[in-house]
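Here's the structure, in structure tokens; my notes come after.
What follows draws every value from the coordinates through simple rules; no lab data is involved. All values reported here derive from a predicted model rather than from experimental measurement. All Cβ positions, even for glycine, are placed from backbone atoms using ideal geometry, and neighbour counts span all protein chains on display.
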């Protein structure tokens, strides 16, 4: 089994998905709806979610679906990869979040569900949430693209990806940081991208990269060189494709050893035939329509999936 990819995903089924004003201040991918019908929006998001999960399960991928709770106002609970990550050594990392209402997504019962109903074993918790008191954040595998095989953490600096917190994570988990700044154009200005995982994806043998978003030539060269030195074939996407979430992808594997790259339909249809062929040299593609979630939530397929690398309990 590859160190880089998992066959089990944790996903949170939304019950009150909507446009989140607290995250929109620096997530420029979010688009506020002209007319707000919260019930209709929430129903559309659930339908997209359910169709997406069904498509993953059709290919043999284990998806642990946990229903969100109405106890708190958590419009972005559909993106669990920002507050938690799971590691092969049995540790769980809990991350500091920028938006106050996103901090309410952290749920102890999810760890209990993984242990009691799915036989996953976790040992220690690495809790980085104390950084919130210092207004420093690191939003999980949104902020970091983990090359788990080579122990590298690619991270684009932003208000949600603080260098001090990143280095703390790397020290605890024995990763090496690969730091740079990635930008997008907003009203004629170049502003930092809020999450690294909208502009790059690292798979076992290849990587998707929007190099055009790294304006500093040295940093751009450093990222490309690092990917290539670790044996990755780099598949480049442009900034327009990035705007369609073509960087927001995740590679998974099913129990039969079949590998897939997961993305939204918007991302898939933004790719050209050469890019698709380059991906399909390594694995098949699964895509599903996520238009409502992408437009209002400003996140896509990869953001919706928390990879479960925890060991299973021996019965």
task = State the dimensionless ratio Rg/Rh of the stretch 8-307 (Rg: radius of gyration of Cα atoms; Rh: Kirkwood radius).
result = 0.93
ask   = For residue 229 and residue 43, what is the calculated FRET efficiency with R₀ set at 51 Å and r taken between the beta-carbons, to the nearest 0.05?
value = 0.60
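Averaged over all directions, how much area does the convex hull of the C-alpha atoms of the stretch 212-271 cover when projected, in nm²? All intermediate terms of the calculation are to be shown ahead of the outcome.
Values: hull surface 19.9 nm².
So the Cα hull casts an average projection of 5.0 nm².
Subtract the Cα-Cα distance of residue 236 and residue 94 from 0.36 nm times their separation in residues, and report this length gain in nm to one decimal. Could the numbers behind the result be given before it?
On the way: separation 142, 0.36 × 142 = 51.12 nm, distance 3.13 nm.
Between residue 236 and residue 94, full extension yields an extra 48.0 nm.
Quick check on the chain: helices-only [θ] at 222 nm, where DSSP H runs of length 4 and up contribute -39,500 (n - 2.57) each and the sum goes over total residues. Nearest 500, please.
Working: 11 runs with 94 residues, N = 315.
Rounded to the nearest 500, the figure is -8000 deg cm²/dmol.
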inquiry  = Highest mean first, how do 90-102, 57-69, 273-285, 299-311 rank when packing is the count of other Cβ atoms within 10 Å averaged over residues?
reply    = 299-311, 90-102, 57-69, 273-285
inquiry  = Calculate the FRET efficiency for residue 186 and residue 314 from the Cβ-Cβ distance with a Förster distance of 51 Å, rounded to the nearest 0.05.
reply    = 0.50
ask   = With the chain treated as a Gaussian network of Cα nodes joined by springs under 10 Å, which of 109, 225, 76 yields the largest mean-square fluctuation?
value = 109
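Can you figure out the FRET efficiency of residue 205 with residue 258, using R₀ = 22 Å and their beta-carbon distance, to the nearest 0.05?
Values: r = 15 Å, r/R0 = 0.66.
According to the calculation, E is roughly 0.90.
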request  = Figure the gain on full extension for residue 216 and residue 135 (residue separation times 0.36 nm, minus the Cα-Cα span) and round it to one decimal in nm.
outcome  = 26.5 nm
message = Residues of the stretch 206-221 with backbone nitrogen within less than 14 Å of a virtual label 7 Å along the Cα-to-Cβ line of residue 274, please, listed as ranges.
response = none
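Could you give the Stokes-Einstein D for the stretch 176-301 in µm² per second, using the C-alpha Kirkwood radius, 4 °C, 1.567 mPa s? The partial results should precede the final answer.
Numbers: Rh = 15.0 Å.
So the translational diffusion coefficient is about 86 µm²/s.
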key: Point-to-point label distance, residue 124-residue 112, nm (Cα→Cβ direction, 7 Å offset)   = 2.5
ask   = Measuring from the lowest to the highest alpha carbon on each principal axis, how far does the stretch 60-149 reach, largest first, in angstroms?
value = 37, 35, 24
